[in-house]
Amino acid sequence: MKNRLTIAIQKKGRLFNQSADLIKKSGINFSIKTDNLLAKANNMPIDILFVRSDDIPSLVSNGDADLAIVGENILLEKSLFKKTSIEKVLSLGFSKCRLSFACPENINIRSFKNKKIATSYPNTVKKYLRDRKIDASIINIHGSVELTPYIGMSDLICDLVSSGATLEANNLKEVETIMESEAVLIKNKNLSVSKNKIAEKIISRMQGVVNATESKYVMLNVDASKVKEICKLLPGSESPTVIPLENENKVAIHALCQEPIFWETMEKLKTKGASSILVMPVEKLLN
Ligand code: PRT
């Protein structure tokens, strides 16, 4: 295993599917057998470790895993108040959420001073309070955090929020956000030269997959006189290709747009005279 690069991902849970998918799209072939904690790639010197999210930062910092995919919320929580050998290398654009304070809907909290705050993120909350010189007590709890204000254990909570449905179902309201989070790729800072070479290749491929997810290939036809106007509307496209058509007054514009194309953009293009507007997904993109 010494010369093989190890990539740790969550064993099961919200991050698993997209993490495994990203690794596969990066050209690493592996198959997962139920309950196996390790999968060996059959086309590259790479092993995939399936572990709990909570354990990922220490595995990478200690060099037991070389690369890993983890939520930024966990990375921050497990890295605060200690020295680690972890480098964040890529934001991956999935598993987006935020870490927020919330309190019962019928209570108005003006200040956190002297309040009891229940959370599974004690270090992150401690740093937030310390930076603002707020004196409050932190109750460290794993699971059912939303229940704690109702049993008198806390005045407010600090937990992850995505759609907000869980807070709403528990009659809680969001009062302040500590951080926005998404899945990130992390790396041990002290990789050997040979492992670093493989790691850099994988990082570049993953960047390519992330870029492709956000990119679209757009094709449309328009009057030759409108080319400049239309190109201005294409988001994140560097230099579109303009191709003459059989009808001499018309051209086709092909553009790689590295930003999302919303219906509003397509409607504006149509208003400006574009026709046959095609928006296609991009599978891989190396810049
Ligand atoms: O692997 P391990 O068992 O250690 O981790 P885990 O149990 O924390 O895993 P999991 O699968 O629950 O979460 C993994 C990661 O997904 C988190 O660390 C976040 O980075 C990310 N993520 C994204 C979320 C959410 N969205 C999320 N909504 N993690 C948890 N939630 C929970 C939240 O705690 C709350 O209970 O969902 C509820 C709120 O969701 P909404 O949509 O109702 O607001």
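The values are calculated or read from the model by the stated rules, or taken from the named source; none is laboratory data. Note that this is a predicted model, so its numbers are computed, not measured. A quick note on method: Cβ atoms are made from the backbone with ideal geometry, for glycine too, and the neighbour counts reach across all protein chains shown. When the accessible area is computed, the model is the full protein with side chains, heavy atoms only, and any ligands, DNA or RNA have been set aside. Shrake-Rupley method; radii C 1.70, N 1.55, O 1.52, S 1.80 Å.
Among residues of the stretch 1-21 being away from the ligand (no atom under 15 Å from the Cβ) and open to solvent by 100 Å² or more (accessible area, probe 1.4 Å), the one that is modelled with the lowest pLDDT is Met1.
Need at least 2 residues that are touching a residue at least 40 places away in the same chain (Cβ under 8 Å) and in contact with a Ser or Thr (Cβ under 7 Å, 6 or more places away or on another chain) per element, so show me which strands (runs of 3 or more DSSP E) inside the stretch 216-287 make the cut, counting only ones lying wholly within it.
Working: elements: 216-223, 241-244, 250-257, 275-281.
Correct list: 216-223, 250-257.
Looking at this structure, is Met206 touching a helix residue (DSSP H, G or I) at 6+ places or on another chain (Cβ under 8 Å) and not β-branched (Val, Ile, Thr)? Judged against the criteria, Met206 is a match. Of all residues in the stretch 22-64, exactly one satisfies the criterion of being part of a strand (DSSP E or B) and open to solvent by 70 Å² or more (accessible area, probe 1.4 Å), namely Lys40.
Please tell me if Lys272 is closer than 25 Å to Val89 by Cα, surrounded by 13 or more Cβ atoms within 10 Å (Cβ to Cβ) and of a type in the set (D, E, K, R).
Values: closer than 25 Å to Val89 by Cα: no; surrounded by 13 or more Cβ atoms within 10 Å (Cβ to Cβ): yes; of a type in the set (D, E, K, R): yes.
No.
Only one of the listed residues (Ser163, Ser111, Ser181) is open to solvent by less than 30 Å² (accessible area, probe 1.4 Å), out of contact with any Ser or Thr (no Cβ under 6 Å at 6 or more places or on another chain) and at negative phi. That residue is Ser181.
Please tell me if Asn211 is exposed (fewer than 15 other Cβ atoms within 10 Å of the Cβ) and under 30 Å from Val60 (Cα atoms).
On the way: exposed (fewer than 15 other Cβ atoms within 10 Å of the Cβ): no; under 30 Å from Val60 (Cα atoms): yes.
Spelling it out, it is not the case that Asn211 is exposed (fewer than 15 other Cβ atoms within 10 Å of the Cβ) and under 30 Å from Val60 (Cα atoms).
Residues that are under 25 Å from Ser162 (Cβ atoms), among the aliphatic types (A, V, I, L, M) and not in a helix (DSSP H, G or I) within the stretch 181-215 comprise Ala183, Val184, Leu185, Ile186, listed in sequence order. Does Ser26 qualify as being within 16 Å of the ligand (Cβ to nearest atom) and touching a residue at least 40 places away in the same chain (Cβ under 8 Å)? The answer is no for Ser26.
Taking the stated definitions as given, is Val175 open to solvent by less than 60 Å² (accessible area, probe 1.4 Å), closer than 28 Å to Thr124 by Cα and out of contact with any Cys (no Cβ under 6 Å at 6 or more places or on another chain)? Answer is no for this residue.
Mind checking which residues of the stretch 139-186 are of a type in the set (Ser, Thr, Tyr) and either over 25 Å from the mean Cα position of the chain (by Cα) or at pLDDT 95 or above (or both)?
Across the stretch 139-186, the qualifying residues are Thr148, Tyr150, Ser154, Ser162, Ser163, Thr166, Thr177, Ser181.
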